Amino acid sequence: MQHHDLIAAQKQAFSLVTGLADTQVITNLITTNVIETLGQSPKKVQDIASACNLNENVLARTLRYASFIGVVNFDDDKYSLTEVGKCFLRDHPGSLKIPGSFIGSAPWRDAWNNFRYCLETGEPAFNHAFGMPYFDYLDSHKDFGGQFNDYMTEMTNRIIPAIIEVYDFKGFETICDVGGGQGTLLKAVLETAPKAKGILFDMESAVTGNVLGETASRTQIIPGSFFDDIPAADCLMLKSIIHDWDDENALKILVNCRKALKKDGRILLIEQVVEKPYNARELFYDLHMQVMLGGAERTEKEFCTLFESAGLELNLIIPTKSQAKIIEIIVLD
Ligand SMILES: C[S@@+](CC[C@H](N)C(=O)[O-])C[C@H]1O[C@@H](n2cnc3c(N)ncnc32)[C@H](O)[C@@H]1O
């Protein structure tokens, strides 16, 4: 290896292994409001420090680092956001503000700190770090649980147009959103299917803050666990559910879906499907699901194996303009 190739490889290796600084710098620039402050206009470091109530010396060094990794520019003694930095603004299209603040937050960070536990045991790191499963933690820590439900609602809201554009829900009598959270997807889907009735099914803590709006009048809210029983419907939607679970638990949910599905009904999973060429998002979420819940992002083949074990079969996979696909499943003949 040439000397300059070695230096380049070492530089890249150093930058990869110190990525935790990138995460913490970005998360904290978001949560201390520096990003939004810079979004208003370029500012001197002392003005940012006083607007955000931060230590000027450490802020100056943090912004120098942020400039090095391409989040801010430094010109004429003032900092401003780069195009990358603007992605962390609240009102930026496809804003990464909410995921950016969550990724560095204590429950997610401390779970990732125990990543080695996943590697050694195949179990979720979260349970090792916090002594309980993630969804029990959300239930018993209402503040964080509420923030997580808001985060899911926001992330789901972004891909709703891409989902309702490619799938016609009008023919269904009853659409049940299984693990539907606050009901943001169900609301949008029911708005496209004026004759359909809805069922929002999730844990008590998630459905209490529902956002069903006017569709509430034709929606039944049923708190419960999908490991026990799922309400009967001819359309069962599960968005970002199966990837939360390992194969054993995912199978239990799918078997309960099969039992709940009315004749000629459809089960719709709305998930990423891992395929080549890989992208950063699906590979990150694959590991993140393992860390938090013992879950995984799956390939089409892995999904099909699960479906077959549950007495189901893949009907079709519908791509959307978002990263999520609609995986339509029917009962195996
Ligand atoms: C990743 S969130 C997805 C929420 C929603 N489907 C969305 O995409 O916005 C997973 C959901 O599963 C729900 N959940 C977890 N365990 C559950 C259980 N045993 N029974 C029913 N819902 C459950 C959580 O409360 C949460 O709303």
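FYI, it's all coordinate maths here, none of it is from the lab. These numbers were taken from a predicted model, which means no experiment stands behind them. FYI the Cβ positions are ideal-geometry reconstructions off the backbone, even for glycines, and counts take in every protein chain you see.
Across region 60-139, the relative contact order, built from alpha-carbon pairs under 8 Å that are at least six residues apart, equals 13 percent. For the residue pairs 97/301; 86/239; 195/239, the alpha carbons lie more than 31 Å apart in 97/301. Between helix 142-166 and the chain there is an angle of about 70 degrees, using the helix long axis and the longest principal axis of the Cα atoms. Pairs of Cα atoms nearer than 8 Å and 6+ residues apart set the relative contact order; for region 231-306 it is 39 percent. Residues whose amide H lies under 5 Å from that of residue 235, counting only those 5 or more places away or on a different chain, are 174, 176, 266; hydrogens are built 1.01 Å from N in the peptide plane. Between 92, 256, 242, the Cα set farthest toward the positive side of the dipole of the chain (charges on each charged residue's Cβ, about the Cα centre) is that of 92.
Computed over region 3-88, the Cα gyration tensor eigenvalues convert (square root of 5λ each) into semi-axes of 26, 13, 12 Å, ordered from largest to smallest. On a 0 to 90° scale, report how tilted helix 3-17 is relative to the longest principal axis of the chain, with both axes built from alpha carbons and the result rounded to the nearest 10. Helix 3-17 sits at roughly 60 degrees to that axis.
Looking at the chain, the pairs of alpha carbons with a distance over 31 Å make up 40% of the total. In this simple spin-label approximation, residue 204 and residue 247 carry label points 7 Å from Cα along the Cα→Cβ vector, and these lie 3.5 nm apart.
Across all C-alpha atoms in region 116-216, the radius of gyration and Dmax reach 16.4, 51 Å. Under the convention that each Lys and Arg Cβ holds +1 and each Asp and Glu Cβ holds -1, the size of the dipole of the chain around its Cα centre is about 640 debye. Mean residue ellipticity, 222 nm, helices only, the chain: the sum of -39500 (n - 2.57) across DSSP H runs of n ≥ 4, divided by residue count and rounded to 500, is -15000 deg cm²/dmol. Rounded to the nearest 10 degrees, the inclination of helix 56-68 to the longest alpha-carbon principal axis of the chain is 70 degrees.
For region 271-333, rounded, prolate or oblate, judged on the Cα gyration tensor with a ≥ b ≥ c (square roots of eigenvalues), a/c < 1.5 rounded, else prolate if a/b > b/c? It is oblate, given that a/c is not under 1.5 and a/b is not larger than b/c.
For region 197-243, the normalised intensity computed at q = 0.17, 0.20, 0.25, 0.30 Å⁻¹ comes to -0.51, -0.72, -1.10, -1.37 (log10 of I(q)/I(0), Debye sum over alpha carbons, equal scatterers, no solvent). In region 162-204, the ratio of gyration radius to Kirkwood radius, Rg to Rh, stands at 0.96 when only Cα atoms are counted.
Give me the base-10 log of I(q)/I(0) for region 70-115 at each q in 0.14, 0.26 Å⁻¹, Debye formula, one uniform scatterer per Cα, rounded to two decimals. Ignoring solvent entirely, the Cα scatterers give -0.47, -0.86. Orientation-averaged projection of region 169-281 equals 7.9 nm² [convex hull of Cα atoms, one quarter of hull surface area]. Rg and Dmax, both from the Cα atoms of region 206-333 and both in Å, are 15.0, 44.
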